[in-house]
Amino acid sequence: MSAPALLPLAGRRLPALNLGASSFPHHRATLRLSEKFILLLILSAFITLCFGAFFFLPDSSKHKRFDLGLEDVLIPHVDTSKGGKQLGGFLIHGQGHDEHRHREEEERLRNKIRADHEKALEEAKEKLKKSRDEIQAEIQTEKNKVVQELKKKDSKPLPPVPLPNLVGINSGEPADPDIREKRNKIKEMMKHAWDNYRQYGWGHNELKPIARKGHSTNIFGNSQMGATIVDALDTLYIMGLHDEFREGQEWIDKNLDFSVNSEVSVFEVNIRFIGGLLAAYYLSGQEVFKIKAVQLAGKLLPAFNTPTGIPWAMVNLKSGVGRNWGWASAGSSILAEFGTLHMEFVHLSYLTGDPVYYNKVMHIRKLLQKMDRPNGLYPNYLNPRTGRWGQHHTSVGGLGDSFYEYLLKAWLMSDKTDTEARKMYDDAIEAIEKHLIRKSNGGLTFIGEWKNGHLERKMGHLTCFAGGMFALGADGSRDDKAGHYLQLGAEIAHTCHESYDRTTLKLGPEAFKFDGGVEAVAVRQNEKYYILRPEVIETYWYMWRFTHDPKYRQWGWEATQAIDKYCRVSGGFSGVKDVYSSSPTYDDVQQSFFLAETLKYLYLLFSNDDLLPLDNWVFNTEAHPLPVLHLANTTLSGNPAYR
Ligand code: DMJ
């Protein structure tokens, strides 16, 4: 007697006895008949249960409304005729659904479910008349159909939405020959970084410029996702490196695949990949970038399936399983990670008309708003299971930085209509000024870190971005303190410049102290490295845009020369391990953010202000420019894709 075979039925597999057709024909027929009867009985019971559940369980759509009071959703398509109302720059739907339409809709749904169930019952009856082989073949055909449909859906162009007028994407040529020459030098550096990556690391995430091969870290998972290509695209575009841009586009079109069994950082993938793809889409109008961004975003969504809706730090792109970094306080998620999704997710909702992305980030915001903050400060750690803060550590550098940046930029990106975000930013900055910002004995303004009730007088290279943030947020600040914040930005820029100037290589260390006679200098060996980071140059650029003080171009040029002298190797650009050593060793990594940010900010610093003007563009934390969203200022023909 052969082993019991399996009979597939509606997702479940029941054992079917095979007693040998020739020996016991009568028994076999009897058994199959009673088997069918039992199956039919189970089916009818199941269907009755479904009807019961549908009619008698409470209406879940009503519960949803109480979730966080977030029934308003962002719908980008301009169709105010359908009862939506416009709020600020965004079109808002969902409020005041009239009861009558709601009941009609429920009735229609009920009828549909009833008809579907009857149809399913009929089909099941039919199926039972068929042989197992026939059933299996049918299932396979169905499966293939679904796969085909999914493939079609994935590559289908999304419906066109009105795009913001894309101001200043091909401008910026300076008239001054000296400035032009400097700008050309920066473009040449970009070409050197790209060409070497192209030659030795193509398709890998990053480049090892000395070993001349690909490089990756765990933030990108274990797949070759071409992080450098995606991160560099918009820099190539604004520099006019169009052949290189097209090469990158082709690679993305043919090779960038997110159905990989790979665990990635949600934050890094969002800022580098989604941000990079969206910026490339807006600049070039090429549909492929939008489609890839939306596909990838779909893969990140399972990270939000936590008891609180605060996402995990990492997610497996294939299985959707998420988890947090082992080192983060008591299984916490990180403020700068779950708090740096807003800009990209709002744009995803805008471009797709699907509120899911917007709802995820607004849920995070609402949750944070409701929480108590020690001294008004946001701790860096939040447990996604309990919704409680982890260790009380606050920083405007690593672990905290871009959360504050995104509050301000959410407001700017909404054409200053998202006043809730602006208020959160103002409150946070006031607390930071009160508890974290100090002047050193030598008169340098620095931003320290708050650790369990005491101030650590140390500032990270990452924290230097805050100079630019203060300047960017000056206009529109509470009590009209614009002058104060511009001044604060200038002081931070000065301190960070000092951190560069006090080294041998004229490149800034990873962290520097203001303690025991030490000012703006790294003390520990493991804080003396420079890994091609952008933050100091980012601040020079913002300060330049707001003040046009020539010292910012001068400082930017010092940094350009130092990078070219000490980080350039024949196979690209590398970080250095000790900025105080006259014979530095290389770390042999060309970071993708060097192409996305450092070189872009330098190029912008030596361009005219009409290249990506700040009234029309907001840069994400990886320097990917996203347009300000204001429906009054949009056009379907503004994008090359629709011309
Ligand atoms: C970049 O990936 C982003 O700027 C991020 O916000 C912080 N760190 C790096 C660059 O230093």
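Of everything in the stretch 518-542 that's touching a residue at least 60 places away in the same chain (Cβ under 8 Å) and over 26 Å from the mean Cα position of the chain (by Cα), which residue is farthest from residue 464 (Cα to Cα)?
First, pick out the residues of the stretch 518-542 that are touching a residue at least 60 places away in the same chain (Cβ under 8 Å): 519-520, 530-542.
Filter again for over 26 Å from the mean Cα position of the chain (by Cα), leaving 519-520.
Values: 519: 15, 520: 12 Å.
Once the filter is applied, the top-ranked residue is 519.
When we screen 520, 493 for residues that are away from the ligand (no atom under 16 Å from the Cβ), crowded, with 18+ Cβ neighbours inside 10 Å and at positive phi, the only hit is 520.
Taken together, the residues in the stretch 564-612 that are in contact with a Leu (Cβ under 9 Å, 6 or more places away or on another chain), open to solvent by less than 40 Å² (accessible area, probe 1.4 Å), in a helix (DSSP H, G or I) and more than 14 Å from the ligand (Cβ to nearest atom) amount to 2.
One residue stands out among those in the stretch 193-250 that are of a type in the set (Val, Ile, Thr) and in a helix (DSSP H, G or I): the one that is surrounded by the fewest Cβ atoms within 10 Å (Cβ to Cβ), which is 219. In summary, helices (runs of 4 or more DSSP H) completely within the stretch 284-385 and bearing 2 or more residues that are away from the ligand (no atom under 16 Å from the Cβ), buried (at least 18 other Cβ atoms within 10 Å of the Cβ) and more than 13 Å from the chain's Cα centre (by Cα) occur at 287-300, 342-352, 356-370.
Would you tally the residues in the stretch 523-549 being of a type in the set (A, V, I, L, M), open to solvent by 10 Å² or more (accessible area, probe 1.4 Å), within 13 Å of the ligand (Cβ to nearest atom) and touching a strand residue (DSSP E or B) at 6+ places or on another chain (Cβ under 7 Å)? Write out each step before concluding.
Taking the stretch 523-549 and keeping what is of a type in the set (A, V, I, L, M), we get 523, 531-532, 536-537, 543.
Narrowing the set further to residues that are open to solvent by 10 Å² or more (accessible area, probe 1.4 Å) leaves 523, 531.
In the following step, the residues that additionally are within 13 Å of the ligand (Cβ to nearest atom) were identified as 531.
Right, trim to touching a strand residue (DSSP E or B) at 6+ places or on another chain (Cβ under 7 Å) and you get none.
Number of matching residues: 0.
Being modelled with pLDDT of 95 or more and in contact with a Lys or Arg (Cβ under 8 Å, 6 or more places away or on another chain) is a property that does not hold for residue 226.
Scanning the stretch 264-278 for residues that are in contact (Cβ under 8 Å) with a residue 60 or more places away in the chain and within 14 Å of the ligand (Cβ to nearest atom) returns 265, 266, 267, 270, 271, 272, 274, 275, 276.
For (1) over 18 Å from residue 453 (Cα atoms); (2) open to solvent by 20 Å² or more (accessible area, probe 1.4 Å); (3) touching a residue at least 12 places away in the same chain (Cβ under 8 Å), each residue gets a yes or a no:
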position	(1), (2), (3)
389	no, yes, yes
392	no, yes, yes
396	no, no, yes
406	yes, no, yes
416	yes, yes, yes
420	yes, yes, yes
432	no, no, yes
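Out of all the residues in the stretch 627-643, is one or more at pLDDT 95 or above and within 16 Å of the ligand (Cβ to nearest atom)? Within the stretch 627-643, not a single residue is at pLDDT 95 or above and within 16 Å of the ligand (Cβ to nearest atom).
The values are calculated or read from the model by the stated rules, or taken from the named source; none is laboratory data. Keep in mind it's a predicted model, so treat the numbers as computed, not measured. Virtual Cβ from ideal backbone geometry, glycine too; neighbours counted across all protein chains shown. Surface areas here come from the heavy atoms of the whole protein model, side chains and all, with no ligands, DNA or RNA. Shrake-Rupley method; radii C 1.70, N 1.55, O 1.52, S 1.80 Å.
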